[in-house]
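Peer 1: To start, I am sharing the structure in question, which I have written as structure tokens.
The values are calculated or read from the model by the stated rules, or taken from the named source; none is laboratory data. Predicted model, so just to flag it, every value in this text is computed and none were measured. Neighbour counts run over all protein chains shown; Cβ positions are idealised from the backbone, glycine included. Heads up: the accessible areas ignore ligands, DNA and RNA and are worked out on the full protein's heavy atoms, side chains in. Shrake-Rupley method; radii C 1.70, N 1.55, O 1.52, S 1.80 Å.
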Amino acid sequence: MTNTAPVSAPIDLSLYPETATLDDGGRLTLGGVAVADVVERFGTPLYVVDVASLRIQARRYIDAFASRHARSTVMFASKSFPAPAVIRVLAAEGCGVDVASTGELVIARAAGAQPGRMVFHGNAKTDEDISSAIDAGVGHIVIDNLDDVDRIARLATSPVPALLRVSPHIAASTHSSLSTGHDSSKFGVPSGQVNDVIARIRRESMIDLQGIHAHIGSQILDLDQFEAEVRALSMIERFPVYDFGGGLGIRYVRSDAAPSVDDYADRMVGAMHRHLGEDVDLIVEPGRSMVGRSGITAYRISTVKRGVRTHVAVDGGMGDNLEVALYGQAFEPAVLGKEGRATTVDVVGRFCESGDQLVRDAPLVDPHVGDIITVPATGAYCYTLANNYNAALRPPVVFCDDGAARVVVRRETYDDLLQRDVDHAHR
Ligand SMILES: *Cc1c(COP(=O)(O)O)cnc(C)c1O
């Protein structure tokens, strides 16, 4: 059954990027540009990024940590939005970059980021990964396992600065796919083996072990968990460098509450000073909380099917947003430019899976074929996980800044789909 419910504010601007406004005519703008105009110019589905939001959040993170602990570095976890244009903006504000593969290293370097301000991660690094990290001269390679130790020992020709990733025995309360710090995690060295691994690393002249790393999960909304992480790391002997990973959660729907970056920095630095002292270097690696709010996705409604439930199908879905299928993430869509009574509908994608639902039970105002749907808080992990299911073309990324819009990643083309096929050309 469909039912109607009055909604006073069809769009909650606090979920949208920092510069988002509804102008006098009720038109949504980002970075001084009307979203309707951007969609008209660049089509749908479309990732729209407010560049000011990226800058503001980078400054907010850097200031929050540096003001509480001078020896702090904020490394952007590039996997959350691995586009050179995004990394370039954040690096220009002073962020380092966290990469987790040779590919991410290539992208970060293409953005002009300095390797000396990068950390290189991975639970299954290859020889190629270790060699490319060493050749680039990354600030730290994060050792995840004993095979990393063997590989670095074999491939390095001078001592490599390294951190050791520890699994600090914390079952972070988030979706199981997003929890990474428990003892059965595939990431890091289980707490019981840490001392032995440290001793083993110290026998290698080609590894300069400078500190400890942990990352307990993603979309974490309870700051106690970060404090528990710091406390767990204090059970190990002292090191000069501590990298606490990322993981701070963000708001996706209006009923969500998330800690501010200042609250997070307060708890993190406070716990560190209490448990580890002040004479240490601190690193954090925010991804989702750095870029999540800066981006929205725009779709066009392709069809409205009324039955037991009303399905509003859009021209994208799990090809451009896997957060729903992977983690059951909730989102808050809106029909652009419409106000009034809302109808409860299911917003579904165009892909051949019943699981390709974007939002269940979404209140939408008068959805019709051809209308634009906006979904806020898609700046993290949506571009990252975009795919070619059903041979859909991956959407472009458009930057809005200071009244102008420009494409920084173009839309895929049908030619792109055939680009890697080396057989068809011979027929
Ligand atoms: C994914 C990841 C991050 C970033 O996590 P967010 O939840 O996006 O902040 C940071 N560090 C490591 C090692 C990661 O794997």
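Peer 1: Somewhere in region 297-307, is a residue in a loop (DSSP other than H, G, I, E, B), in contact (Cβ under 8 Å) with a residue 40 or more places away in the chain and open to solvent by 30 Å² or more (accessible area, probe 1.4 Å)?
Peer 2: Here is the first cut: in region 297-307, the residues in a loop (DSSP other than H, G, I, E, B) are 307.
Narrowing further to those that are in contact (Cβ under 8 Å) with a residue 40 or more places away in the chain: none.
Checked region 297-307: no residue is in a loop (DSSP other than H, G, I, E, B), in contact (Cβ under 8 Å) with a residue 40 or more places away in the chain and open to solvent by 30 Å² or more (accessible area, probe 1.4 Å).
Peer 1: Checking the structure you have, find out if any residue of region 41-49 is under 30 Å from A136 (Cα atoms) and either modelled with pLDDT of 95 or more or not in a helix (DSSP H, G or I) (or both).
Peer 2: Quick first cut of region 41-49, residues under 30 Å from A136 (Cα atoms) only: 49.
Narrowing further to those that are either modelled with pLDDT of 95 or more or not in a helix (DSSP H, G or I) (or both): 49.
For region 41-49, residues under 30 Å from A136 (Cα atoms) and either modelled with pLDDT of 95 or more or not in a helix (DSSP H, G or I) (or both): present.
Peer 1: In this structure, is D183 more than 16 Å from the ligand (Cβ to nearest atom) and either at pLDDT 95 or above or not in a loop (DSSP other than H, G, I, E, B) (or both)? Let's see the steps before the verdict.
Peer 2: Numbers: more than 16 Å from the ligand (Cβ to nearest atom): yes; either at pLDDT 95 or above or not in a loop (DSSP other than H, G, I, E, B) (or both): no.
No: the conditions fail for D183.
Peer 1: Got at least one residue in region 253-269 being outside any loop (DSSP other than H, G, I, E, B), open to solvent by less than 50 Å² (accessible area, probe 1.4 Å) and more than 16 Å from the ligand (Cβ to nearest atom)?
Peer 2: Taking region 253-269 and keeping what is outside any loop (DSSP other than H, G, I, E, B), we get 261-269.
Applying the additional criterion that residues be open to solvent by less than 50 Å² (accessible area, probe 1.4 Å) yields 261, 264-265, 268-269.
So of that shortlist, the ones also more than 16 Å from the ligand (Cβ to nearest atom) come out as 269.
Yes, region 253-269 contains at least one residue that is outside any loop (DSSP other than H, G, I, E, B), open to solvent by less than 50 Å² (accessible area, probe 1.4 Å) and more than 16 Å from the ligand (Cβ to nearest atom).
Peer 1: Only residues that are in contact with a helix residue (DSSP H, G or I) (Cβ under 6 Å, 6 or more places away or on another chain) and within 16 Å of the ligand (Cβ to nearest atom): list them for region 198-226, please.
Peer 2: I212, A214, I216, G217, S218, Q219, L223, F226 - these are the residues of region 198-226 that are in contact with a helix residue (DSSP H, G or I) (Cβ under 6 Å, 6 or more places away or on another chain) and within 16 Å of the ligand (Cβ to nearest atom).
Peer 1: For the subset of region 203-226 comprising residues that are among the charged types (D, E, K, R) and over 12 Å from L146 (Cα atoms), which member is surrounded by the fewest Cβ atoms within 10 Å (Cβ to Cβ)? Explain how you work it out, then say what you get.
Peer 2: Start the filter on region 203-226 by keeping residues that are among the charged types (D, E, K, R), which leaves 203-204, 208, 222, 224.
Next cut, over 12 Å from L146 (Cα atoms) only: 203, 208, 222, 224.
Working: R203: 9, D208: 14, D222: 13, D224: 11.
So, considering only residues that are among the charged types (D, E, K, R) and over 12 Å from L146 (Cα atoms), the one surrounded by the fewest Cβ atoms within 10 Å (Cβ to Cβ) is R203.
Peer 1: Turning to a different aspect of this structure: Is there any pair linking a residue in region 77-99 that is within 17 Å of T378 (Cβ to Cβ) and open to solvent by 20 Å² or more (accessible area, probe 1.4 Å) to one that is in a helix (DSSP H, G or I) and within 16 Å of the ligand (Cβ to nearest atom), with Cβ under 6 Å and at least six apart or on different chains, and which?
Peer 2: From region 77-99, the pairs are P82/E104; P82/I107.
Peer 1: Can you name the residue in region 371-427 that is closer than 14 Å to P45 by Cβ and basic (K, R) and, of all such residues, is surrounded by the fewest Cβ atoms within 10 Å (Cβ to Cβ)?
Peer 2: Going through the qualifying residues, I end up with R410.
Peer 1: Inspect region 134-155 for any residue being away from the ligand (no atom under 12 Å from the Cβ), of a type outside the set (D, E, K, R) and without any contact (Cβ under 8 Å) to a residue 12 or more places away in the chain and give the result as yes or no.
Peer 2: If we filter region 134-155 for residues that are away from the ligand (no atom under 12 Å from the Cβ), which is where we start, we get 134-139, 141, 143, 145-155.
With of a type outside the set (D, E, K, R) added as a condition, the list becomes 134, 136-139, 141, 143, 145-146, 149, 152-153, 155.
Subset that is without any contact (Cβ under 8 Å) to a residue 12 or more places away in the chain: none.
Within region 134-155, not a single residue is away from the ligand (no atom under 12 Å from the Cβ), of a type outside the set (D, E, K, R) and without any contact (Cβ under 8 Å) to a residue 12 or more places away in the chain.
Peer 1: Could you list all residues from region 227-248 that are within 16 Å of the ligand (Cβ to nearest atom), part of a loop (DSSP other than H, G, I, E, B) and out of contact with any Gly (no Cβ under 9 Å at 6 or more places or on another chain)?
Peer 2: F244
Peer 1: So, one more: Answer with yes or no whether Q357 is among the polar types (S, T, N, Q), open to solvent by 10 Å² or more (accessible area, probe 1.4 Å) and under 30 Å from V89 (Cβ atoms).
Peer 2: Numbers: among the polar types (S, T, N, Q): yes; open to solvent by 10 Å² or more (accessible area, probe 1.4 Å): yes; under 30 Å from V89 (Cβ atoms): no.
It is false that Q357 is among the polar types (S, T, N, Q), open to solvent by 10 Å² or more (accessible area, probe 1.4 Å) and under 30 Å from V89 (Cβ atoms).
Peer 1: List the residue pairs whose Cβ atoms are under 9 Å apart, where the first residue sits in region 340-366 and is of a type in the set (F, W, Y), the second is surrounded by fewer than 18 Cβ atoms within 10 Å (Cβ to Cβ), and the two are 6 or more positions apart or on different chains.
Peer 2: Partner pairs satisfying both residue conditions: F351/Y389; F351/N390.
Peer 1: Then there's this: What's the number of the condition N123 fails, among (1) without any contact (Cβ under 8 Å) to a residue 60 or more places away in the chain; (2) open to solvent by 40 Å² or more (accessible area, probe 1.4 Å); (3) within 23 Å of R165 (Cα to Cα)?
Peer 2: All conditions pass for N123, except number (1).
Peer 1: Scan region 287-309 and tell me whether some residue there is away from the ligand (no atom under 16 Å from the Cβ), in the same structural domain as H140 (by TED's automatic domain parsing), among the basic types (K, R) and under 20 Å from L364 (Cβ atoms).
Peer 2: No, region 287-309 has no match at all.
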